[in-house]
1. Just need the relative contact order of region 1-89 here, percent rounded to a whole number, with Cα pairs under 8 Å and 6+ apart.
2. For a quick check of your reading of the filter: which trypsin sites (Lys or Arg not before Pro) in region 1-68 sit in a DSSP loop and have no more than 13 other Cβ atoms within 10 Å?
3. Run through all the Cα pairs of region 12-54 and give the fraction in each 10 Å bin from 0, expressed as whole percent.
4. Over the Cα atoms, compute the radius of gyration (one decimal) and Dmax (the largest Cα-Cα distance, rounded to a whole number) for the chain, in Å.
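Taken together, the values in this text are just the output of simple stated rules run on the coordinates, not laboratory data. Predicted model, so just to flag it, every value in this text is computed and none were measured. No Cβ is skipped: glycine too gets one built from the backbone with ideal geometry, and neighbour counts run over all protein chains shown.
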Amino acid sequence: MGQPITGRWVSDEEGTPHLVLHEDGTVRGSDGCNGIASQYEVDGTTITVASFVSTLKGCPGVDTWLHGVRTLEPNGEEMAVFNSSGEQIGTLRYDGQ
C-alpha cells in the first residue's frame with residue numbers, strides 16, 4: 001500500500017468516532033457512542049472490514065455512521081469510509097497514535 005495504515009484514524013464529529021487499525025489485522029474503536037471491534041484485510045488500496053461486534057448503548061443526538069463501515073480507502077493523511085453499498089459515508093484523518 002506504500003503508506004502506513006496502522007494507528008488511530010479519527011473524526012471531529014460529536015462522540016469522536018475513531019478506528020485504531022493494528023498490525024495483526026484487528027480494528028477497534030468507537031462509532032461515537034458504542035465500542036466496536038472487528039478484523040480487516042488489505043487488498044491493494046482497499047481495506048475491507050468485517051462486520052463489527054459492538055456494545056449497544058443508546059446515544060440520542062449522536063450519528064453512529066462509522067458503525068456502517070465496510071471498506072476504507074486511505075489517501076495520505078485521510079481515509080474515505082464506505083458502507084456495504086459502496087457509498088462514501090465519511091472521512092477519517094490520521095491521528096497516528
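1. 20
2. On the way: sites: ARG8, ARG28, LYS57; in loops: LYS57.
Qualifying residues, ordered by number: LYS57.
3. Here the calculated profile for region 12-54 is 30, 50, 20, 0.
4. 12.3, 40
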